[in-house]
Protein chains: 4
Amino acid sequence: MSYNTFGHLFRVTTWGESHGPAIGCVIDGCPPRIALDAADIQPWLDRRRPGQSQFTTQRQEADQVEILSGVFEGQTTGTPISLLIHNTDQRSRDYGDIATRYRPGHADVAYDMKYGIRDYRGGGRSSARETAMRVAAGAVARRVLGDGVRIRGALVQVGPHAINRDRLDWDLAATNALFCPDAEMLPVWEEYLAGIRKKGSSIGAVIEVVAEGVPAGLGAPVYGKLDSDLAMAMMSINAVKGVEIGEGFAAASLTGEENADPMRMEDGSLRFGSNHAGGVLGGISTGQPVVVRFAVKPTSSILTPVPSVTREGENVDVMTKGRHDPCVGIRAVPVGEAMMACVLADHLLRHRGQVGSL
Amino acid sequence: MSYNTFGHLFRVTTWGESHGPAIGCVIDGCPPRIALDAADIQPWLDRRRPGQSQFTTQRQEADQVEILSGVFEGQTTGTPISLLIHNTDQRSRDYGDIATRYRPGHADVAYDMKYGIRDYRGGGRSSARETAMRVAAGAVARRVLGDGVRIRGALVQVGPHAINRDRLDWDLAATNALFCPDAEMLPVWEEYLAGIRKKGSSIGAVIEVVAEGVPAGLGAPVYGKLDSDLAMAMMSINAVKGVEIGEGFAAASLTGEENADPMRMEDGSLRFGSNHAGGVLGGISTGQPVVVRFAVKPTSSILTPVPSVTREGENVDVMTKGRHDPCVGIRAVPVGEAMMACVLADHLLRHRGQVGSL
Amino acid sequence: MSYNTFGHLFRVTTWGESHGPAIGCVIDGCPPRIALDAADIQPWLDRRRPGQSQFTTQRQEADQVEILSGVFEGQTTGTPISLLIHNTDQRSRDYGDIATRYRPGHADVAYDMKYGIRDYRGGGRSSARETAMRVAAGAVARRVLGDGVRIRGALVQVGPHAINRDRLDWDLAATNALFCPDAEMLPVWEEYLAGIRKKGSSIGAVIEVVAEGVPAGLGAPVYGKLDSDLAMAMMSINAVKGVEIGEGFAAASLTGEENADPMRMEDGSLRFGSNHAGGVLGGISTGQPVVVRFAVKPTSSILTPVPSVTREGENVDVMTKGRHDPCVGIRAVPVGEAMMACVLADHLLRHRGQVGSL
Amino acid sequence: MSYNTFGHLFRVTTWGESHGPAIGCVIDGCPPRIALDAADIQPWLDRRRPGQSQFTTQRQEADQVEILSGVFEGQTTGTPISLLIHNTDQRSRDYGDIATRYRPGHADVAYDMKYGIRDYRGGGRSSARETAMRVAAGAVARRVLGDGVRIRGALVQVGPHAINRDRLDWDLAATNALFCPDAEMLPVWEEYLAGIRKKGSSIGAVIEVVAEGVPAGLGAPVYGKLDSDLAMAMMSINAVKGVEIGEGFAAASLTGEENADPMRMEDGSLRFGSNHAGGVLGGISTGQPVVVRFAVKPTSSILTPVPSVTREGENVDVMTKGRHDPCVGIRAVPVGEAMMACVLADHLLRHRGQVGSL
């Protein structure tokens, strides 16, 4: 990953600011002769689209994706695939405050420190709007992976409320706007988030993404490990502060006996008795489900004033008015799935390059 | 990062197997005219070297580093720096078991799945021995960063025993073999680890690495974020299962008000009132200390037999005899520091390239 | 360079097919706070635009460039710059022949061999239309280089007719549609090319690009040499078959005495007595003008039938009807200049990254 | 390529100075399970070794290569292959002159301009000694390509004396120290070079490298073209000033009719009637022989004094005493072959990664 590109053989470059004319991405290195049209991508974008519940930003964007290159007569050609979404909800309004007063916890001040300039409209490049293109690229990556690989995500914790894993139900997660996989937890979250929203507050969350059917052998020691690339990919999502694989931080409290994943031959195939490892050993996939979790901080856009400074170096108190997300972790679910898909597709091609057929 | 190279402008390529004739690395892109000789690198290697306490592997390696290129008359020349350490402790012995019986939780089976071949002697390429070269490269990276940047690491949790942060004492961490920064916790860990060792068991740990004096502006949105590169770097260390920045996973339980880092001008300079962010906003350093923690799993080398299989597909039970680490997290402390140094040095050069002087 | 991206710190990714809805590029890594708007780019595109004389293709494209991101209030922000040109001259027509009959000397057959599919409309991705985005990126690169670096190109040979270097006049080259720098040669070429065009034939050419004011120190041994990157850049232009630096192939016939560039101090500065080296020693710029020449083959689109085959493996004879360039080398002049600008801008940033201020 | 690494999937990083303790390279990304030991590499190094005739430098180096990693029980393991050659001929001597007086036409002054420091002993990093590691890497690349690909090089011009292509005899080129493929030209060159050597002069040359059996489909438009990567690779060799593919610069004088390569089906396979293209169309191999030529300048080490300057800025005249090559182009033949092998191996893996089996 470098600046605005990630991936090595399946390479995605994204561009665009929140309130510019459009956002887009270029996918380079996609294998040829894969069936693809805009209708394959649009449903994934629709899942991520804001404004679908009261708990995400009310910004309304149609987010209609266009394919500008790389697809001919319904198939990829092996040349770069350019995807573009026009920004339709660029309300003309006064950005005076955001231009001069740094919002605490936002990238505003950091961009100015680095570049000495920033497009402050709607957060510019640092806006979560960029993640729409990750989702679009992820839709293409899923096509590269094929139907044998199933990638699913869910919210597993909202503030202090974690799901009960015994009730984990992926089908449920796919059908509610909170991506909640626990039927009993869903109403708890809804009530909790309603309270957060009413107060103009915000709250963090934890997302889990699981990929099943991943072939063994993906990942390359020692600096192209599958799990280190996943860590990078998830940490690059806006507001993410932690990433873990398998047992993750819980492994720190386990003994070797507790953390062991026994192996046995069953019907001529290798089977693991558990998956503490999260599907990766030595940076290489083992054929077990690849399990990643990441933590999202509470958005810093809150109604409570927080001490801050202006560009000119004066002390001010800043509060965020207008539409905002009480829990940005919700919309991070489809983004995390997309990053998983992109990383796996890249590693699939890289493995095939070095080692040959899978 | 790609295969065995990490970094973009400050690029490190490592090579070598645990029981081959030598291990080494090539550091490319180092700025010229930096004072450097082997004596600048050796102390950092000595800190990582095993056999310094009863809680790390008893393998004895002098780990004497040689500089083979890139340094002339005591200064870097801007050309690649080749570092090499001869493997002196390659006891000739029978590797029969390890060659044919997969150790559960090790990379053995994954390497065979990927490559169809592996150097099984001492774990080959997947051995933690590779991390010696990270430490060597980190010593050079520290020189690039200069004295203004201070990087320190400590063990902050061993199994169920986390330090009390009110007692956190960096000076203490620098002077005990467990890198423990909490005087009251040190004897607790020693006793606990003695018990683990006696049982032939192992235990996980959490390491914290903090970099102070990091200039604001390092990191490049959106796929070259400082924190995503740190996540990748730490996750690439052997046995690491989780990485977090600042509040990390704890941020999931916080509200926006609790997680806010207020800003104020003080004596003409921007000051933050807290550092929940861990020194990074929008992927860019803010001048605050950069705070990273990572979780290390218990080593899978334990005396308790675990069900496994052979290369030929027969069920066996595998236990690990001989020298091993009861807690691999201990030696991960200098490795984590080194990866922090390498990532920061790379981003320093990348920032200077795009934006000019800091 | 990799697939559709070139450059390391100043990175350009192009996309688009000749007859798709648009072509475009993403420029990543551009320094911030550089004044830029579409009017800075458009004049360079206009120079390359076909249809300006009878000797280039009669395709008419307005080639109006739009900036979709990375520029705010007239300045670059350091985030990716997305440029787009809509394809307006996509005549609806029958592509039947080109779809099934390989044009000899075109990329048609090679794309099919590689990908098993190709967008045959107007040559698809292999069309010289892609070079418009190189010119656009080059315009931005010129801004990065600043006014101190002057890059000029000219046609120096058309078929058997080479210019007389004693008459080389850069101002003249800038003012005629053939980029001819030799007043006496200009009418010769015009008459010669008129004959070629009338016969439905085509002819090769040699282009020279010279960059003056290039700072000493650009280029990185041994695989990031300035001249090897220039060779790659020029050879990547459609139809280019040879690249040379300074004396180039003529150096094969020279003795060490003849090829020597003497050095002398003059007024406290190093001066070279000649420039056989073409401004590069050991892969690094010396402050002398950087001189590159490249040879362009005759376009394979000619009226004379040439034996070929169909996709289905039948023998046919193929001739090219309709608009075409009698000498594609003409339009390669601004493209060569653009590639020079991009390579120099990239190396400027890379040098600044590793070594610091110039 | 970047600094001291070239290739994308088959990546080679070289290091070392002419008079340091050793030179070496790391080959990353090599496929596993390829039979390899030092004896596979040594013969290629022996071909390049100096001191084999009176026309190359009399430096005597055994150039014994050691494999330090990446090979186990005679097979590659997929992990990095570290190769090392000790420098045995580092005569202790006075380097005073070369340290302070810039040799005209050498990289001396450019390295100082860039880095402000250089290892002047024997040319340091800029010495042709570095090319030994290219040859070593090329030997591994040949193994990756397999026996189906045959790569051969020859000297085709020495000063004013070009071979007669009607007499081109590859077998002959393989058996004489000048790599001369023309029996009648061999004595002419010998006599001519003897004269050059006697005068303490030097002369340029042209090398041709041809790869037969290259699968169709290698190369990736538009910035990973096979020919642009070959141009970069060859231009990165010391003293190279020009590169051409197929007809190369001669194509500038040809008409479309003359340059056309007709195609026909023969026995169910596509056959080309000629190979003006040099085996590459649109940047992609077509299955025809890949033909590259490159020009090498005369070495600047000559006995005739040339005006120069010192590090301190005083005018001096510099002549080169001691051993030197009258024609560095001779030893460039095995180096050019090696670069061809490395580029092809890299593209083979890249193609397999994106498109699958060949």
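Being in a loop (DSSP other than H, G, I, E, B) and hydroxyl-bearing (Ser, Thr, Tyr) is the filter; apply it to segment D:197-238 and report the residue that is farthest from C:Ser126 (Cα to Cα).
The selected residue is D:Ser201.
When D:Thr175 is evaluated against the numbered criteria (1) part of a loop (DSSP other than H, G, I, E, B); (2) within 9 Å of chain C (Cβ to nearest Cβ), which criterion, by number, is the only one it fails?
Every listed condition holds for D:Thr175 apart from (2).
Would you be able to say whether some residue in segment C:216-225 is surrounded by 18 or more Cβ atoms within 10 Å (Cβ to Cβ), charged (D, E, K, R) and within 30 Å of D:Val12 (Cβ to Cβ)?
Checking segment C:216-225: at least one residue is surrounded by 18 or more Cβ atoms within 10 Å (Cβ to Cβ), charged (D, E, K, R) and within 30 Å of D:Val12 (Cβ to Cβ).
Restricting to segment C:278-309, name every residue that is more than 30 Å from D:Glu257 (Cβ to Cβ), more than 7 Å from chain D (Cβ to nearest Cβ) and either surrounded by 24 or more Cβ atoms within 10 Å (Cβ to Cβ) or modelled with pLDDT under 95 (or both).
Selection gives C:Gly278, C:Gly279, C:Val280, C:Gly283, C:Ser285, C:Val290.
Report, by residue number, each residue of segment D:21-34 that is of a type outside the set (A, V, I, L, M) and surrounded by fewer than 24 Cβ atoms within 10 Å (Cβ to Cβ).
The answer is D:Pro21, D:Pro31, D:Pro32, D:Arg33.
For A:Val335, which of the numbered conditions (1) out of contact with any strand residue (DSSP E or B) (no Cβ under 8 Å at 6 or more places or on another chain); (2) among the hydrophobic types (A, V, I, L, M, F, W, C); (3) touching a residue at least 60 places away in the same chain (Cβ under 8 Å); (4) within 9 Å of chain B (Cβ to nearest Cβ) fails to hold?
Of (1) out of contact with any strand residue (DSSP E or B) (no Cβ under 8 Å at 6 or more places or on another chain); (2) among the hydrophobic types (A, V, I, L, M, F, W, C); (3) touching a residue at least 60 places away in the same chain (Cβ under 8 Å); (4) within 9 Å of chain B (Cβ to nearest Cβ), only one is false for A:Val335: (4).
Please find, within segment A:99-126, the residue that is farthest from B:Ala277 (Cα to Cα) out of those that are of a type in the set (Lys, Arg) and more than 9 Å from chain B (Cβ to nearest Cβ).
Result: A:Arg121.
How many residues does segment A:255-271 hold that are touching a residue at least 12 places away in the same chain (Cβ under 8 Å) and surrounded by 20 or more Cβ atoms within 10 Å (Cβ to Cβ)?
Going through segment A:255-271 one residue at a time, the tally reaches 3.
Each row is one residue, and each column tells you yes or no for (1) farther than 30 Å from A:Tyr120 by Cβ; (2) of a type in the set (Asp, Glu).
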{"position": "A:Asp261", "(1), (2)": "yes, yes"}
{"position": "A:Asp267", "(1), (2)": "yes, yes"}
{"position": "A:Gly279", "(1), (2)": "yes, no"}
{"position": "A:Thr299", "(1), (2)": "no, no"}
{"position": "A:Arg311", "(1), (2)": "no, no"}
{"position": "A:Met340", "(1), (2)": "yes, no"}
{"position": "A:Ala345", "(1), (2)": "yes, no"}
{"position": "A:His351", "(1), (2)": "yes, no"}
{"position": "A:Ser357", "(1), (2)": "yes, no"}
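Can you report the number of residues in segment A:127-180 which are touching a Lys or Arg at 6+ places or on another chain (Cβ under 8 Å) and hydroxyl-bearing (Ser, Thr, Tyr)?
1
Taking segment B:127-138 on its own, how many of its residues are more than 9 Å from chain A (Cβ to nearest Cβ) and within 12 Å of B:Gly20 (Cβ to Cβ)?
Counting residues in segment B:127-138 that are more than 9 Å from chain A (Cβ to nearest Cβ) and within 12 Å of B:Gly20 (Cβ to Cβ) gives 2.
Quick test for you: out of D:Val158, D:Val206, D:Val222, D:Val214, pick the one residue that is within 13 Å of another protein chain (Cβ to nearest Cβ), in contact with a Phe, Trp or Tyr (Cβ under 6 Å, 6 or more places away or on another chain) and of a type in the set (Val, Ile, Thr).
D:Val158
Residues that are within 17 Å of the chain's Cα centre (by Cα): which strands (runs of 3 or more DSSP E) entirely in segment D:260-358 hold 1 or more of them?
Ranges flagged: D:290-296.
Starting from segment C:24-49, take each residue that is aromatic (Phe, Trp, Tyr) and list its partners that are not in a loop (DSSP other than H, G, I, E, B), counting only C-beta distances under 9 angstrom and pairs at least six apart or across chains.
The qualifying pairs are C:Trp44/C:Val135; C:Trp44/C:Ala136; C:Trp44/C:Gly138; C:Trp44/C:Ala139; C:Trp44/C:Arg142; C:Trp44/C:Pro334; C:Trp44/C:Glu337; C:Trp44/C:Ala338.
Just one of (1) surrounded by fewer than 23 Cβ atoms within 10 Å (Cβ to Cβ); (2) more than 10 Å from chain A (Cβ to nearest Cβ) trips up C:Gly7, so point out which.
C:Gly7 satisfies every listed condition except (1).
Report, by residue number, each residue of segment C:239-267 that is of a type in the set (Gly, Ala, Ser) and facing chain D (nearest Cβ under 7 Å).
C:Gly242, C:Gly246, C:Gly248, C:Ala251, C:Ala252, C:Ser253, C:Gly256, C:Ala260
Where the second residue is surrounded by 13 or more Cβ atoms within 10 Å (Cβ to Cβ) and not hydrophobic (A, V, I, L, M, F, W, C) and the first is without any contact (Cβ under 8 Å) to a residue 12 or more places away in the chain and within 13 Å of A:Ala252 (Cα to Cα) and lies in segment B:156-177, which pairs have Cβ atoms under 7 Å and are six or more apart or on separate chains?
Short answer, once both residue conditions are applied: B:Pro160/A:Ser253.
Please determine whether any residue of segment D:206-229 is within 22 Å of D:Gly329 (Cβ to Cβ), of a type in the set (S, T, N, Q) and modelled with pLDDT of 95 or more.
Taking every residue of segment D:206-229 in turn, none turns out to be within 22 Å of D:Gly329 (Cβ to Cβ), of a type in the set (S, T, N, Q) and modelled with pLDDT of 95 or more.
Provide a single number: the residues in segment D:183-220 that are of a type in the set (D, E, K, R), touching a residue at least 60 places away in the same chain (Cβ under 8 Å) and over 21 Å from C:Glu257 (Cα atoms).
Number of matching residues: 2.
Report, by residue number, each residue of segment C:1-10 that is modelled with pLDDT of 95 or more and within 17 Å of C:Ala220 (Cα to Cα).
C:Phe6, C:Gly7, C:His8, C:Leu9, C:Phe10
The values are calculated or read from the model by the stated rules, or taken from the named source; none is laboratory data. Worth saying up front: this structure is predicted, and the values here are computed from it rather than measured. FYI the Cβ positions are ideal-geometry reconstructions off the backbone, even for glycines, and counts take in every protein chain you see.
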